[in-house]
Amino acid sequence: MYKKLIAITILGLYFLVLAVAITNGPLVSFQSLILGLIGLIVITSVISSIAKKIKLLDTANEERKSHTGSIPLIGGLVIFVSIIYGTFVFGVDPFYRIITISLIPILIIGTIDGIEYIKTPVSIRLIAQILASWIIILFTDIYLRDLGDLFGQGTIFLNELGIPFTIFAVVGICNAFNMLDGKDGLTGSVSVVIISSILLLLYLNNILYNWGLILISSILIFLAFNLSLFGNKKKIFLGDHGSTGLGHIVAWNLIYLSQEKDLITPVSALFFIFVPLTDTLLTIIKRVRSSKSIFHPDRKHMHHFLSDIGFSDRAILIIIIVVSIVAGCIAVVSNFFNIQEYYVLYGYFTALVFMGILGYSRPTKD
């Protein structure tokens, strides 16, 4: 009984602080940070219990799934709740609040799709992702207006054609993050590395990136549950709404910083999101060569390849994190030292070819 009373008290304080922050502005303090972390742990437990009742679960009923039992698919919801708290309590650029609002279609459709007895078509999920991008474009008029000097012949301007190009790119990144989500901690950890790389670059430019700190803190809380730091009974999964939501957030961060703030070059995004982007491109190539739909689930991803050649789940996680860190450092260096954009582009193509050669050097299981 006393545990429930403590939990209710924490939740009451959590939402009271949030309400005051929404009304009066940021309440930046060490106490609000601690309350946010503890409150989110309690909220995760509550949402997890609700998820089990409504069957918002991932049940191990397919060969390509490596877990056992049924795990709540609530990671995206947990991160969303944390982001709301952070944006108002600690304060962020208004653009990032629009990103938070834009996540709603993705969260709604993704959560509904995660319920065991409901299946939404791929087309509906794609529509939700497109609507999410439209919300940002309509409210901010920000999108990819140029791609930079990709070939050394001058800046490539997209102008209004940048709107459909941006939507296509963001939806692609959303699904790239979703396709990466095949091992515990994988998409969350890669997202933390990407955001940390951006955080480092902005720090080197003497810019405090509150939004990045909020995102990293939110994802780390999810990872604590996902990697069973609170025990196997408290384990949760990111869910499609979580993985595509993280892809949406990362994509629009890169667009905003390249188009509105001019702090990064558009082409450096190829290295910031190197792991999910490259994994998706190579997987699509393999599926096309196998005469399968690009949406067909299989065991042709980077983490499956590493698993098939004998690496443990922990080793796979470490390897992919290291690759992501190296790619993030390349992105940071290319921006900080103003390396020619065509070098960055051709460098990515070279890395893609190398990864492709390694990926096709051994057979993969379907």
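All of the numbers you see were taken from the coordinates with simple rules; none came from a lab. Every value quoted in this text rests on a predicted model; they were computed, and no experiment measured them. Here the Cβ is made from the backbone with ideal geometry for all residues, glycine too, and neighbour counts use every protein chain on show.
Spin-label model, R314/D93: points 7 Å from Cα along the beta carbon direction are separated by 3.9 nm. The slack between I339 and I54, meaning 0.36 nm per residue of separation minus the straight C-alpha distance, is 97.4 nm.
Specify whether the C-alpha gyration tensor of the stretch 53-207 places it in the rounded, prolate or oblate class, a ≥ b ≥ c being the square roots of the eigenvalues: rounded for a/c under 1.5, otherwise prolate if a/b is larger than b/c and oblate if not. List each step's numbers first, then the result.
On the way: a/c = 1.75, a/b = 1.57, b/c = 1.11.
Verdict is prolate for the stretch 53-207.
Panel order for L238, L11, by other beta carbons found within 10 Å of each beta carbon, from fewest to most: L11, L238. The trypsin sites (Lys or Arg not before Pro) of the stretch 194-240 include none that meets both criteria, a DSSP state outside H, G, I, E and B (loop) and at most 10 other C-beta atoms within 10 angstrom of the site's C-beta.
Excluding same-chain neighbours fewer than eight residues apart, the lysines reachable from K292 by a Cα-Cα span under 22 Å are K65, K119, K300, K365.
Please report the relative contact order for the chain, taking Cα pairs under 8 Å with a sequence separation of at least 6, and give it as a percent rounded to a whole number. List each step's numbers first, then the result.
Working: 495 pairs, mean separation 69.8, N = 366.
Across the chain, relative contact order equals 19 percent.
Span-like helix criteria (full DSSP H runs; alpha carbon extent of at least 18 Å along the helix axis; mean Kyte-Doolittle hydropathy of at least -0.5) are satisfied in the chain by 2-24, 30-53, 75-89, 122-140, 162-180, 186-204, 210-226, 239-259, 274-289, 313-336, 341-360. For the chain, the square roots a ≥ b ≥ c of the C-alpha gyration tensor eigenvalues yield an a/c of 1.5 or more together with a/b not exceeding b/c, which makes the shape oblate. Counting only aspartates and glutamates at least 8 places from K55 when in the same chain, those with an alpha carbon closer than 17 Å to its own are D113, E116, D240.
Dividing the summed helix terms, -39500 (n - 2.57) for each DSSP H run of n ≥ 4, by the number of residues in the chain produces a 222 nm estimate of -22500 deg cm²/dmol to the nearest 500. Taking amide hydrogens as placed 1.01 Å from N in the peptide plane, the amide H of S228 sits under 5 Å from those of I236, each at least 5 positions away in sequence or on another chain.
Once backbone amide H atoms are built at 1.01 Å from N, D146 has L158 as its partners under 5 Å, excluding neighbours fewer than 5 places away on the same chain. In the chain the longest region clear of chymotrypsin sites (Phe, Trp or Tyr not before Pro) that are loop-assigned by DSSP and have at most 12 other C-beta atoms within 10 Å covers 152-294.
Using 0.36 nm per residue of separation minus the Cα-Cα distance, give me the extension gain between V353 and D146 in nm, one decimal.
On the way: separation 207, 0.36 × 207 = 74.52 nm, distance 2.57 nm.
Residue separation times 0.36 nm, minus the Cα-Cα distance, leaves 71.9 nm.
Of the residues I124, I216, I264, the one that moves most in a GNM of the chain with alpha-carbon contacts below 10 Å is I124.
Take the alpha carbon gyration tensor of the stretch 152-308, find the square roots of its eigenvalues, order them as a ≥ b ≥ c, and report rounded if a/c is under 1.5; if not, report prolate when a/b exceeds b/c, else oblate. Before the final figure, lay out each step's value.
Values: a/c = 2.16, a/b = 1.14, b/c = 1.90.
In terms of gyration-tensor shape, oblate.
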